[in-house]
Amino acid sequence: MATWAVGDVQGCLRSLEALLEKIKFDRQQDYLWLAGDLIGRGPDPAGLIDFLISFGNRVVCVLGNHDINLLAINEGLKAPRPDDNLESLLDHPKKSVYINFILNQRLIVFSKRLNVVMTHAGLYPGWSVQEAVTLGDEVSTALKGENRSEVIRHLYGDTPVNWSPELSGNMRLRFITNAFTRMRFCDTNGCLDFSHKGGLGTAPDPWQPWFELPNTNLGTTRVVFGHWSTAGLINQNNFIGLDSGCVWGGNLSAVQLEPEHANIVSVPCNEHLTIPKHE
Ligand SMILES: [Mn+2]
C-alpha cells in the first residue's frame with residue numbers, strides 16, 4: 001500500500017492519468033491525496049471530479065482557492081471569468097454532484113501514521129497541527145451548513161492579516177480560509193501578505209515564505225502543500241511543495257508519503273491548453 005500526494009491538478013485530467021500511470025498507482029490498494037485547486041482554469045473540471053469520485057474513499061482532497069471560487073460562483077456571489085474554464089461544469093446536468101463533492105472536502109488532513117499534514121497553501125506558523133485541524137474543520141462545517149451562502153460571501157478579502165484566537169464570526173472563518181488556501185508570505189509577527197505572488201525571494205522585507213518562519217509546535221510532522229506555482233517544487237526540511245504549474249504548461253508532480261520514499265515524481269503537462277502561459 002502506498003499513499004501518494006499530488007499537487008494542483010486544476011482540471012488537467014489527462015495529466016493526472018499520465019502521472020498515476022507513471023507512479024504505477026494501484027487503485028485497489030493505494031491512496032491518492034490531492035493538495036487542492038482540483039479544478040479551475042484547466043480543461044476538464046467535470047471529468048476530473050468524476051475521476052476522483054470513482055476512487056471512493058481512496059482519494060483524499062483538501063480545498064484550494066479555485067475550489068472555493070467554484071462554490072462562490074455557484075452561489076451567484078461571483079461572476080465566472082472565462083479563464084476559470086468552469087462553464088462545462090456549471091452547465092453540466094450533474095453539476096450538483098460536483099458541487100457536493102467539493103463541499104464535502106476539508107481544508108486540512110492529517111495522518112498520524114504518516115506523520116504528514118496536507119493543506120492547499122500551507123500551515124500557518126502560529127498554529128500547531130492539532131489546532132490547525134480544529135480550525136480547518138470550523139470552516140468545513142460552516143460550508144456544509146444552511147448558512148453557506150452568507151459564509152462564502154464573507155470569505156473574500158485580505159483582512160484580518162493576523163491570527164487571534166479571539167477572532168469570531170465571519171472574520172475568523174475568513175482568516176482561517178485565507179491561511180489554508182491563499183497564504184504565501186508571512187512576517188515574524190504572523191502577519192500574512194496577499195499582494196506578492198512571485199517566487200520565493202520576490203517579496204521585500206519583512207515578507208518571508210511562510211515555511212521559513214519557525215513553527216515551534218510542528219515537531220517532526222511534514223507539511224505537504226500546493227498553490228505556489230511560481231515557487232515550483234519545494235522539498236526542504238519538513239516542507240514539500242508540489243505545485244509545479246501543470247495548468248500553466250509545467251509539470252504535475254507527486255510524492256509518496258511513506259517516509260522511506262519522499263522522492264518527487266513529475267510528468268509534463270498533457271493537456272491541450274487554450275489559456276496563455278503564466279508570466
Ligand atoms: Mn491555489
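The values are calculated or read from the model by the stated rules, or taken from the named source; none is laboratory data. Just so it is clear, the structure is predicted and the values come from calculations on it, not from any experiment. In this analysis, Cβ positions are derived from the backbone assuming ideal geometry, glycine residues included, and neighbour counts consider all displayed protein chains. With ligands, DNA and RNA removed, areas are computed over all heavy atoms of the protein, side chains included. Shrake-Rupley method; radii C 1.70, N 1.55, O 1.52, S 1.80 Å.
Here are some notes:
- The residue that is farthest from the ligand (Cβ to nearest atom), among those in region 24-45 that are open to solvent by 10 Å² or more (accessible area, probe 1.4 Å) and closer than 21 Å to Val223 by Cβ, is Tyr31.
- Considering each residue of region 264-273 in turn, none proves to be touching a Lys or Arg at 6+ places or on another chain (Cβ under 9 Å) and under 16 Å from Arg184 (Cα atoms).
- Identity of the residue in region 100-117, in contact with a Cys (Cβ under 9 Å, 6 or more places away or on another chain) and part of a strand (DSSP E or B), that ends up surrounded by the fewest Cβ atoms within 10 Å (Cβ to Cβ): Val109
- The numbered conditions (1) more than 28 Å from Val255 (Cβ to Cβ); (2) small (Gly, Ala, Ser); (3) open to solvent by less than 10 Å² (accessible area, probe 1.4 Å) are all true for Ala79 except (3).
- Within region 5-23, restricting attention to residues that are buried (at least 18 other Cβ atoms within 10 Å of the Cβ) and among the charged types (D, E, K, R), the residue that is farthest from the ligand (Cβ to nearest atom) is Arg14.
- Verdict on Val117 being under 24 Å from Met183 (Cβ atoms), modelled with pLDDT of 95 or more and away from the ligand (no atom under 16 Å from the Cβ): yes
- Members of region 46-62 found to be open to solvent by less than 30 Å² (accessible area, probe 1.4 Å) and in contact with a strand residue (DSSP E or B) (Cβ under 7 Å, 6 or more places away or on another chain), listed by number: Leu52, Phe55, Val59, Cys61, Val62
- Residues that are closer than 23 Å to Thr188 by Cβ and open to solvent by 50 Å² or more (accessible area, probe 1.4 Å) within region 145-161 comprise Asp158, Thr159, Val161, listed in sequence order.
- Of the criteria (1) surrounded by fewer than 20 Cβ atoms within 10 Å (Cβ to Cβ); (2) under 26 Å from Thr3 (Cβ atoms); (3) modelled with pLDDT of 95 or more, which one Pro206 fails: (2)
- Asn270 being surrounded by fewer than 19 Cβ atoms within 10 Å (Cβ to Cβ) and assigned to a strand (DSSP E or B): no
Yes/no per residue for (1) over 18 Å from Leu34 (Cβ atoms); (2) in contact with a Leu (Cβ under 7 Å, 6 or more places away or on another chain):
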site: Cys186; (1), (2): yes, yes
site: Ala203; (1), (2): yes, no
site: Pro214; (1), (2): yes, no
site: Trp228; (1), (2): no, no
site: Gly241; (1), (2): no, yes
site: Gly245; (1), (2): no, no
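- Residues in region 175-197 include at least one that is within 16 Å of the ligand (Cβ to nearest atom), on the phi < 0 side of the Ramachandran plot and open to solvent by 80 Å² or more (accessible area, probe 1.4 Å).
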